[in-house]
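One structure is given here, and the rest of the page talks about it.
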Number of protein chains: 2
Amino acid sequence: MNQDYIVPNAWSIIEEGFNPSTLTASESIFSIGNGAMGQRANFEEKYSGNTFQGSYIAGIYYPDKTRVGWWKNGYPEYFAKVLNAPNWIGINIKINGEELDLNNCKVSEFKRELNMKEGWLQRTFIAELKNGVEVKVNSLRFLSLRFNEIGAVKYRITPLNAGAEIEFSPYIDAGIKNEDANYDELFWKILETVAEDNQAFIVSKTLKTEFQVATGMRISFEKNQQEILLPYIKKIEAKKITFTYQSSVQQNEEITICKLGSYVQSMNHEIKELVNHNISLFKVINSIGFQQLLEFQKEDWTKIWKTSDIVIEGDLKAQQAIRFNIFQLNQTYSGEDTRLNIGPKGFTGEKYGGSTYWDTEAYCIPFFMSTKDKSVARNLLKYRFNHLEKAIENAEKLGFKNGAALYPMVTMNGEECHNEWEITFEEIHRNGAIIYAIYNYLNYTNDLEYVAEYGLEVMIGVARFWHQRANFSVEKNKYVILGVTGPNEYENNVNNNFYTNYLAQWCIEYAVKNLKKVKKKFPEDYKRIIDKTNLEETEVSAWLQVAELMYFPYSQKHNVYLQQGGFLDKDIIPVDQLPKEERPINQKWSWDRILRSCYIKQADVLQGIYFFENKFSTDEIIRHFDFYEPITVHESSLSPCVHAILAAKINKMDKAYEMYLRTARLDLDDYNNEVHEGLHITSMAGTWLSIVQGFGGMRTFKKKLTFNPQIPKEWKSYSFKINYNGIVLKIYKNQDITSFFNETGTPVTIEVYGKSYELVNELTL
Amino acid sequence: MNQDYIVPNAWSIIEEGFNPSTLTASESIFSIGNGAMGQRANFEEKYSGNTFQGSYIAGIYYPDKTRVGWWKNGYPEYFAKVLNAPNWIGINIKINGEELDLNNCKVSEFKRELNMKEGWLQRTFIAELKNGVEVKVNSLRFLSLRFNEIGAVKYRITPLNAGAEIEFSPYIDAGIKNEDANYDELFWKILETVAEDNQAFIVSKTLKTEFQVATGMRISFEKNQQEILLPYIKKIEAKKITFTYQSSVQQNEEITICKLGSYVQSMNHEIKELVNHNISLFKVINSIGFQQLLEFQKEDWTKIWKTSDIVIEGDLKAQQAIRFNIFQLNQTYSGEDTRLNIGPKGFTGEKYGGSTYWDTEAYCIPFFMSTKDKSVARNLLKYRFNHLEKAIENAEKLGFKNGAALYPMVTMNGEECHNEWEITFEEIHRNGAIIYAIYNYLNYTNDLEYVAEYGLEVMIGVARFWHQRANFSVEKNKYVILGVTGPNEYENNVNNNFYTNYLAQWCIEYAVKNLKKVKKKFPEDYKRIIDKTNLEETEVSAWLQVAELMYFPYSQKHNVYLQQGGFLDKDIIPVDQLPKEERPINQKWSWDRILRSCYIKQADVLQGIYFFENKFSTDEIIRHFDFYEPITVHESSLSPCVHAILAAKINKMDKAYEMYLRTARLDLDDYNNEVHEGLHITSMAGTWLSIVQGFGGMRTFKKKLTFNPQIPKEWKSYSFKINYNGIVLKIYKNQDITSFFNETGTPVTIEVYGKSYELVNELTL
C-alpha cells in the first residue's frame, strides 16, 4: 500500500486535508465521467503546483506517429491515443486582484467528496490569501448521465474576514496537449470561436482523424440563491475564450458562479450543426436548472445501483472499494453506443492509448452482462462484429488469407495500433477471448439470434485464423502453434502456449457447433453467411482436423498442462523465496531475466481453466492452481481476480481473500504507486468478479444459473445484485445463512450448492 | 543486381556519365577514408539535387536519446551514433555570376574514378551553364594515409567556349546534422571560429560526449601550374566560414583551387592546442606540397597492397570487386589505435550507429591478421580488453554477479548502446566471438604473452558469464541456456541455440586450458590475475560442470544438431520453393511469420561448424550443410561467405562460387538496393575470407598453416597474399597448378592438400 488517505465511507470517496504530494493521485481517484466524456478531478481555479490535466471525450482519438527503435515489417503506422480534450471546467478567480491558487495560499478545512450514490464531486476549503483575505469555497461538479453532452459546475465563494472584490474568469481552452504525445505535437486544430450572451464555443478538429467538437460554456451567477446578472469582458484568443466578471461581495455573503460545460461532437451530429445544437442544449438545460439536473443525476445513479450494488458488512474499506469499482465502470461505459468500449484507464488518464483490449471480453463483459440490460453486453459484442472487416485486413497484413480474422491487440476503430512485435503479432489469444465472450453471453442470455445475425461471421473469421496459424509438426504428429505470447506477458515468442492452443481448438469446435445450430434454426441467415464467407465443407473439415490433433504440452511427472513447451527447463522456485528487494521483478530485473525465469505475470494456464472450469475436475483445478499460483507474481492488475475465483472454487478461502485484497483497493490505496497516471478501470471488473464469481460462486455454464456462496471469515455479511435477463436477484450471505431474493418476481431456476430451486421471492439456506 | 553502371577495371572503380538517380549510391561507393576519417563522395561544388552528405571522424560519436515504443528494464539510455562531422570539402563556384550546380546545367563527359592502387578520387566533367559558358572541371581528392588528419582537393576549371569571371567560395561548415537523428537534434556546439592567411578553423564540440574538433581549411590557387595569390573576402557566420575569391580566366586557360582540409581532434591533442596544431600541420603540408603528398599516398597504398592483394585472372569484375573490398577495409581501419574499431558502414554512412559489432571478431580480425602486421589484430583484441570493466558493469545491469562480463552488442566506448531486447539482452553469442578471436589470433601468432597480459582476464569474465547464464534443467538432467537469439536473427528468444551452447561450453573449457598454460608459463601474471579476479578453484569446477553437462539439441532422425530446441516443429520447406514475390522475406513477411518459419537469415549452426571445423568430420559438415543451407535465405550480408567457405570445404565448388558471387559485388552492384545508405564494410572481410579460406582453403587450426586450394571453373587463375607473422606468402592457383611463393625468404612450414612442406622460395604442385 502506497497511500492511506482516503477516508473510509460506505458511499463516498473522501479526502480531508490539502496535500499537494498526492494531488495527481487524487485527480485520478476523484475522476468523474458519464460514458460519453470524463474528466480528471482537476481544480476549476488555477493551480500552479504539479497537476495532470485531463478531459476526455469517448470515441475521439488521434493516431500518433509510432516511436520504435527498429521497425518490424507489419507494424501499424500509428498508435491511437485517447485525446486530451479542450478544457471547459476552468474558472480563474481573483480576490482583490490576487489569484486564488491553492499552491500559493494557506489552505484549511480542505475536503473532497466523490459521492458515488448520487454521482457528483464536491470540494470545499478555506483559503487565506497573501493579501489577508480569507474565503470559503464550495465547488460542486457533475457530468450529467441524462444529458451526456453536458456537465455543470456550481462554484461558491464566501469572503470570511472582510468584504472583497472578486473577479471570475471562466474560460474554455482548446490549446491543450497530451502528456504522452510521442513527438510533442499538438493534436487539435481550432476552427471557430463564438462568444455571445454569456456563452462561448470553440469548434476544434482533431488532426488526421478529423473529429469535430464544439466545446461550450454558459455562465450565470447567483447571490443569496438569486440569479444575478453581471457585466463581462470577453477575451478571445486563438485557442481560448475567457469571460471576466467582477463583483463586490460582502463579508459572509456567498456568490456563486454556475458554469455549464459541453462537448457536442461530430460522431453524433452534423458538423455544421455543432454550435447550433450546443446553443439549443444550453437553452434546454437552463430551463431545467442546475438543481433539477442534479436531481436527475441522483435518480439515474439510483437506477444503476438498483441492479449492481454490492453491500459488505463488517469491512467499511471493502464496502467503499467495491462501490468505487462499480461506480467507475459505470462512469466509463454506459452501454448504448456500439462505437464505444472500455479503455484500461477510462477517462482518468492517457496511458495505454487506445480504448479496447481483450480486457473487455475477458473481464468487463461479465460485469456489464450481470448488472445491466442484456443489450449492453450485446453492444459490446457488436463492437467487435463491426470491426470484423478490419480484423480480416489486419490478418491479411500478417499473411493470412481467405477471410481469416485477427482482432487487434489494442484498437480504437478496429485497426491495430500497438507496435511491439511480441504483443502485436504474437499475443493472438485475444482472438479467442472475442469468441469466448459470445459463448459467455449465450450462456447468460440464450440469445442465439445474436449468433445468427452477427456472431457466426466472427466465429468463422476467427476459426479460419486458428486453422491457418497452426502448422503440422511431423516430429510431434500433431498441430502446433509456434511463436506466441500468452496472457502471461513475461514469456514472449513461446511455442504451444497451453492457453492459446486450448482456445484455438475450442474456437474451431465452437464455430462448427454454431454453424450447425444456425443452419437448423436460422436457415436464411445460414445461407446468407455461407454465401458471404464462401465457406465450404472441406474447409470446415480441415479446421476440425487441426482441432482434433491439437498439441498440448503436458507433464506426466507433475500431472499438469505446461504453460508452454519446455516450461520445465526453467529453474522453478516459488515466489515467496524471492528476496523482497527484487520485487516487483518488472521494476528490478532486466527483460531477458524475466523471460527465462519461471515467474508468471498473470493467470495463463489458470486463465484457461477459469474460462472452461466446467471441463476440468476439481482435482485438476487444485493441481494446476498449486503448481502455478506459487510462481505467479501477480504484476498485472488482471491477475489476482482470476486466482481469487479459482481459490474460492477449490475452497482456499484464505487465498481467495488474499487475492481479493490485492485487487479491491488497488487504486484507492495505490498499491503500484501509479494511480496518478489514471485508474485501472478494466481490472475493476475483475474485483467485481472476485466477489460475484469468487465468493458468490456464480456461474452460468450451460445456460444454468448456479451459486456456491462462501464468505471470508473477516466479513460479517455481503450481498450482491445481478440483473439476470431482466430479473433482478439479490444474493445475501453471512457467516450463517445464504439468502436469495427475487426483486422482480418472475420465477427463475437457480442451482445453489449443487441443488436446484425455483426462486420466486426468497430462498434461505 | 540493382545496378550495373560501374565500369569494370582491375584497379579502379569508374563511373561514366552523369546520373542523378544513382548519385547517392555513387556517393557511398566512391567514399574515401584513411582510418582516422572518411567522407562520402559528395561534390565539392554545390549540388541542389538529392544527395546524402557525410564526413566522419573515427572515434567521435554522440549518445543520441533512444527511441523505443515500450521501455524494457535494462535498456541503455542512449544509442551511440557515428557523427556526421563538419564539412571541409565544400567549394562553391560561380561562373559569370551563375552557380555551378550539376543539377542545373548540361553535363557531359562526366567521369569518376576511385583509384584503389594509389588511393585517390577523381571527377571530371564538362558543364554547360544556363548562361552559355562551358567549363571543364577536374577535381582530385584524397585523404592522406601518412598525415591522417589531412585531406587535399585540387579542383581545376577551364572555360571552354569563352573567357569567364570565376568566383570560388571554399568553406568549412559545422552546421551539419545526422540524417538518422532520433529527435532531429543538432549534435555539435560551435566554440570558436578563426580566419586568417587563407586559412580558417572552426572548433566545435560534440554535445554530451564533449569531443572537440578543429576543422580546418587552407586555400591556394594555381594558374598555368604556377601558384597565384588572389584577394579574398571572409564571411564568418555562426557555424560556417566562407572565403570568396574572384578571378578572370581566359578561354582554355586552367585555374586551380587547392584546398587542404583537416580534422585535429581532442582524442589526440590537448584541447587548447587544437588550432595551433592545425596551423603547424598546414605549414608542414604546405612545404611538402600537393604533388609530394600524393606521391606519399601512392607509396603507402603500394605497401598495403604488397601484403594484401588478390589477383583474379579471367574475371575482370571479380578482380575489381575483391580489390574494392580490400581497399575499403583498409580505408576504414588502419590498426594503430586501440580506441578504434570497424563500423559496419565504416565512413560511408550513418546506419547502425555504433562502431563495433561481433563482425569485428568473427570476420574482420582474420582479414587484418592475415594482411597486416600482427600488432593490428592484437590492437583489435586489446580494444575489447580495454572494455572489460564496462562489460562487467553491463552484465551487472542484467543481474549477473562476481565479475561476469557481457560485451555489448553494439558499442563505441564499451557501453551497450543497442535497445531491442531480443538482441541487446539475448544475442549473447557475441560474448563467445570475443574469445574465439583470441583463439584465432593465438593459432596464427602463438602469442601467449597476449593471453598472460590481457586475454586471460577477458576469458575469466566471459566464462563466468556463461556459467551464470546457464541453468540446470531437472527435466533434461543437463545445463540449458534459455532465451537467446543466435546469429540467425530470424529466431528470437529461443532455448538451447546450438551455436550459443557450443560456444559457451568451449569458452569455459578454453578459459580453463589457458588458466593452466598461463599458470605454468607466466606464473607472475597468473598470480596477478587470480588476485585481481578472486578466482577460486571451486568456481572453476563449477564452470566445468556446466560445460560438461551442456545440452545440445540433436535430431536422431536427421543426424544433425538442431539450431535450437523444437526446431523440427516447424514446416520445413526449402527456400527454392518460396515464391519469388515473397522474397526477401524481411521485406515481405511480418515479423512473427519470419520467426515461426524455418528460414535462416545467416549461418547459425553452420557458423559454429565454420568456427570449429576441425572438431567435425567431413561427413558431419556435409550433413549439416545439406540440412541448413537449403533453408537459408542469406538476408544478411554476413551469410554467404561462411557458406562459401564450407561449400568449398566439402567440394561443392558450384555452391561455393554461387555464394561468393552473392558477397563479392554486393555494394558495387547494389544487390539489396541500399548502397545509398553506405557500404557493407564488415561483410567485405567475408568476401576476402571466401577466397582465402574458401577457394584457397587456408586454415590455421592448431597453429598449423594449411591450404587446400581449389579454383572455380569460371576463373583462369587467382592469387592472394598473406602476411604470416612477418613472412609474406603468395599463393597462386590456376586450373592446372598450385604455387606458393615465399616473398620474404624466411622458411615456413605449410601443409598443402594434406602434405607438409618447408617453403623457402617457391613450391609448385
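Once a ≥ b ≥ c are taken as the square roots of the eigenvalues of the Cα gyration tensor of the range B:203-334, is the result rounded (a/c under 1.5), prolate (a/b larger than b/c) or oblate (a/b not larger than b/c)?
Oblate.
Taking the DSSP beta bridges in chain A as the whole, what percent of them are antiparallel, to the nearest 5?
Given both bridge residues lie in chain A, the antiparallel proportion sits at roughly 95 percent.
For the range A:595-747, restrict the atom set to alpha-carbon positions and state the Rg and Dmax in Å.
Answer for the range A:595-747, Rg first and Dmax second: 16.2, 56 Å.
Could you tell me what % of all Cα pairs in the range A:342-557 have separations over 30 Å?
20 percent
Charges at C-beta only: +1 for Lys and Arg, -1 for Asp and Glu. How large is the resulting dipole of the range B:254-373 about its Cα centre, in Debye rounded to 20?
Computed charge dipole of the range B:254-373: roughly 200 debye.
Looking at the square roots a ≥ b ≥ c of the eigenvalues of the Cα gyration tensor of the range A:213-257, which shape do they give, rounded for a/c under 1.5, prolate if a/b is larger than b/c, or oblate?
prolate
What is the helix-to-structure angle for A:618-628, meaning the angle in degrees between its Cα long axis and the longest Cα principal axis of chain A, kept from 0 to 90 and rounded to the nearest 10?
Once rounded, one gets 70 degrees.
Mean separation of Cα pairs under 8 Å and 6+ residues apart, divided by the residue count of chain A: what relative contact order is that in percent?
It comes to 13 percent, rounded to a whole number.
Cross-link candidates for B:Lys713: which lysines have Cα within less than 20 Å, leaving aside residues fewer than 8 places away along the same chain?
Answer for B:Lys713, where 20 Å is the Cα cut-off: B:Lys317, B:Lys649, B:Lys652, B:Lys655, B:Lys733, listed by chain and number.
Taking B:Lys478 as the anchor, which lysines have their alpha carbon closer than 18 Å to its alpha carbon, excluding any fewer than eight residues away along the same chain?
A:Lys557, A:Lys570
Could you pull the copy-to-copy label distances for A:Lys117, with points set 7 Å along Cα to Cβ, in nm to one decimal and sorted shortest first?
Distances to the matching label points in the other copies: 10.0 nm.
Please report the spacing between the Cα centers of the range A:470-540 and the range A:278-320 in Å, no decimals.
Going from one Cα centre to the other spans 44 Å.
Name the residue farthest towards the positive end of the dipole of the protein assembly as shown from the options B:Thr445, A:Ser756, B:Ser108, assuming +1 on Cβ of Lys and Arg, -1 on Cβ of Asp and Glu, about the Cα centre.
Of the candidates, A:Ser756 comes out farthest on the positive side.
Rounded to the nearest 500, what is chain A's calculated 222 nm mean residue ellipticity when only DSSP H runs of at least 4 contribute -39500 (n - 2.57) each, over all residues?
On the way: 20 runs with 229 residues, N = 765.
My calculation for chain A gives -9000 deg cm²/dmol from helical runs alone.
When only Cα pairs under 8 Å and 6 or more residues apart are kept, what is the percent relative contact order across the range A:130-267?
Details: 319 pairs, mean separation 43.7, N = 138.
Reported as a whole number, the value is 32 percent.
About its Cα centre, what dipole magnitude does the range A:342-557 give when the only charges are +1 on Lys and Arg Cβ and -1 on Asp and Glu Cβ, stated in debye to the nearest 20?
Working: 25 positive and 28 negative charges, 126 e Å.
Roughly 600 debye for the range A:342-557.
Hey, got the dipole for the range B:302-420? About the Cα centre, +1 on K and R Cβ, -1 on D and E Cβ, debye to the nearest 20?
Dipole of the range B:302-420, to the nearest 20 debye: 300 debye.
With the label 7 angstrom out along Cα to Cβ, how close does B:Gly49 come to the same site in each of the other copies, in nm, nearest first?
Ordered by increasing distance: 6.4 nm.
When the Cα centres of the range A:650-687 and the range B:54-80 are compared, how far apart do they sit, in Å?
38 Å
Which of A:Lys117/A:Lys351; A:Lys154/A:Lys283; A:Lys374/A:Lys703; B:Lys235/B:Lys345; A:Lys517/A:Lys702; B:Lys516/B:Lys702 have a Cα-Cα distance over 24 Å?
Working: A:Lys117/A:Lys351 28 Å; A:Lys154/A:Lys283 18 Å; A:Lys374/A:Lys703 14 Å; B:Lys235/B:Lys345 35 Å; A:Lys517/A:Lys702 15 Å; B:Lys516/B:Lys702 17 Å.
As for pairs spanning more than 24 Å Cα to Cα, those are A:Lys117/A:Lys351; B:Lys235/B:Lys345.
Would you calculate the separation in nanometres between label points at B:Glu196 and B:Arg583, each defined as 7 Å from the Cα along the Cα-to-beta-carbon direction?
Distance between label points: 6.5 nm.
So what's the angle, to the nearest 10 degrees on a 0 to 90 scale, between helix A:456-469 and the longest Cα principal axis of chain A?
60 degrees
Measuring from label point to label point, each 7 Å out along Cα→Cβ, what is the B:Thr302 to B:Thr538 span in nm?
If labels sit at B:Thr302 and B:Thr538, their model points lie 6.6 nm apart.
For B:Lys390, list the lysines whose Cα falls under 17 Å from its own Cα; do not include residues on the same chain fewer than 8 positions away.
B:Lys382, B:Lys401, B:Lys532
Please report, in cubic angstrom per residue, the volume enclosed by the convex hull of the alpha-carbon atoms of the protein assembly as shown.
About 217 Å³ per residue, rounded to a whole number.
Find the relative contact order for the range B:13-119 and round it to a whole percent, using C-alpha pairs within less than 8 Å whose residues are 6+ positions apart.
Working: 146 pairs, mean separation 38.0, N = 107.
Dividing the mean separation by the residue count of the range B:13-119 yields 35 percent.
Can you list, largest first and rounded to whole Å, the semi-axes you get for the range B:279-359 by taking the square root of 5 times each eigenvalue of its Cα gyration tensor?
Here the semi-axes work out to 27, 22, 11 Å.
What's the exposure ranking of A:Thr618, A:Thr215, going from fewest to most Cβ atoms within 10 Å?
Least to most surrounded, the residues fall as A:Thr618, A:Thr215.
Mind listing the Cα extents of chain A along all three principal axes, in Å, largest one first?
Projected onto its principal axes, the Cα set of chain A covers 86, 58, 56 Å.
With a/c under 1.5 counting as rounded, go ahead and sort the range B:70-166 into rounded, prolate or oblate using the C-alpha gyration tensor (a ≥ b ≥ c being the square roots of the eigenvalues; past the cut-off, prolate if a/b is larger than b/c, else oblate).
Details: a/c = 2.99, a/b = 1.93, b/c = 1.55.
Judged from the Cα gyration tensor, the range B:70-166 comes out prolate (a/c at least 1.5, a/b above b/c).
Ranking A:Cys641, B:Cys507 by Cβ neighbours within 10 Å, fewest first, what do you get?
Details: A:Cys641 30, B:Cys507 25.
Listed from fewest to most nearby Cβ atoms, that is B:Cys507, A:Cys641.
Measure nothing fancy, just the Cα-based angle from helix A:430-445's long axis to the longest principal axis of chain A, in degrees from 0 to 90, nearest 10.
90 degrees
Would you mind ranking B:Lys655, B:Lys601 so that the residue whose beta carbon has the fewest other beta carbons within 10 Å leads the list?
Ranking B:Lys655, B:Lys601 by Cβ neighbours within 10 Å, fewest first, gives B:Lys655, B:Lys601.
So, in Å, what gap is there between the alpha-carbon centers of the range A:169-248 and the range A:88-156?
Distance between centres, Cα-based: 18 Å.
Read the figures in this text as sums done on the coordinates, not as results from a lab. None of the values given here were measured: they were computed from a predicted structure. No Cβ is skipped: glycine too gets one built from the backbone with ideal geometry, and neighbour counts run over all protein chains shown.
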